[in-house]
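S.K.: This is the structure I have questions about; it appears just below.
A short reminder: the numbers here are calculations on the coordinates, not readings from a lab. No experiment lies behind these values; they were computed from the predicted model shown. Glycine also receives a Cβ, built like all others from the backbone with ideal geometry; neighbour counts cover every protein chain displayed.
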Amino acid sequence: MTLKALIGVLAVGACVRIAAVAPNAVAAHAAGPAQAVPAAPGTAAQAPGRGRGPQPVDPRVQIRMHHFAETNQDIPYSLFVSSKVKKNNKAPLIVTLHGIGGTHTTMMRPNAIDLAEAGGYILLAPMGYNPRGWYGAPPPQERRGALPPGLLSDPNDPPNLRELSERDTLEVVDLIRKEFKVDDDRTYLMGHSMGGAGTLYLAIKYPQRWAAIAALAPPPSPSIGKV
């Protein structure tokens, strides 16, 4: 196995560890004042529930806004930068995508931050425009069980929501790549549920961007491969 392949395997393991703890970790890990969480478009009507809506924010996480020119709106995203990241050294980047009904804070749980700190990673969580944009991926045609109103769709959503979600995600990744010296060979993508579908979609469409991916519990969508 080549060194690059080995790094890829280890990176996938790190992604899976972070993704495994992110949806279920207890948010009261570190003491400190709670941060105000800016709302993204379409979040006001979100129903409460596990993993949905804004989460208590670990004080080590930066909550940022960027201006999304496509819709002339300010969209939030979350960022954690390990203390091991040095200005003049290439740093590994993990982009993590939340599930449906989640926000830019959903995947930024304390255990995930601990793992990113220990591994020397930059951990980035885009909003993907709003909680149900699918990062450009085609949503599944059928879902089992009852879902809260407004979770899958909202009458105020723009007709090109999927495209906006994809563009917002990639725009935020490019912002971080400009700000930090990101290692192209250690840029990873992961996601859970809707974020897992987005991970598969973005990996297939933009394979040159990612060294490895980890898609956790993506809903079945045969059309993802038809991008």
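S.K.: Pull up all non-local amide H partners of Asp74: gap of 5 or more, or a different chain, and H-to-H distance under 5 Å with H placed in the peptide plane.
M.R.: Phe68
S.K.: Continuing with the same structure: Roughly how many Å is it from the Cα centre of the stretch 148-185 to that of the stretch 195-217, as a whole number?
M.R.: 13
S.K.: Using a basic spin-label model with each label point 7 Å from the Cα along Cα→Cβ, how many nm lie between Lys84 and Lys205?
M.R.: Going from the Lys84 label point to the Lys205 one covers 3.2 nm.
S.K.: For Val57, what residues show an amide H to amide H distance below 5 Å, using hydrogens built from the backbone and excluding near sequence neighbours?
M.R.: Sorted by chain and number, the residues that satisfy this are Gln35.
S.K.: Hey, another quick one. Contour minus end-to-end for Glu70 and Leu175, with contour as 0.36 nm per residue of separation and end-to-end as the Cα-Cα distance?
M.R.: Result: 36.3 nm gained on full extension.
S.K.: Right, next: Looking at this model, which pairs from Lys178/Lys205; Lys84/Lys181; Lys87/Lys205 are more than 19 angstrom apart at the alpha-carbon?
M.R.: Over 19 Å apart, Cα to Cα: Lys178/Lys205; Lys87/Lys205.
S.K.: Considering only the other residues whose Cβ falls under 15 Å of the Cβ of Val61, what net charge follows from Lys and Arg at +1 and Asp and Glu at -1?
M.R.: After counting each charged neighbour, the total is 0.
S.K.: Then there is this: Going by how many other Cβ atoms sit within 10 Å of their own, how do Glu163, Glu179, Glu171 line up, fewest first?
M.R.: Glu179, Glu163, Glu171
S.K.: OK, next. Go through the stretch 179-190 residue by residue and turn each phi into a ³J(HN,Hα) via Karplus (6.51, -1.76, 1.60, θ = phi - 60°); whole Hz please, and just put x for glycine and proline.
M.R.: 6, 10, 8, 7, 7, 4, 7, 9, 10, 10, 10, 9
S.K.: Which value, in debye to the nearest 20, gives the size of the charge dipole of the stretch 155-206 about its Cα centre, when Lys and Arg are +1 and Asp and Glu are -1 at the Cβ?
M.R.: Result for the stretch 155-206 is approximately 80 debye, rounded to the nearest 20.
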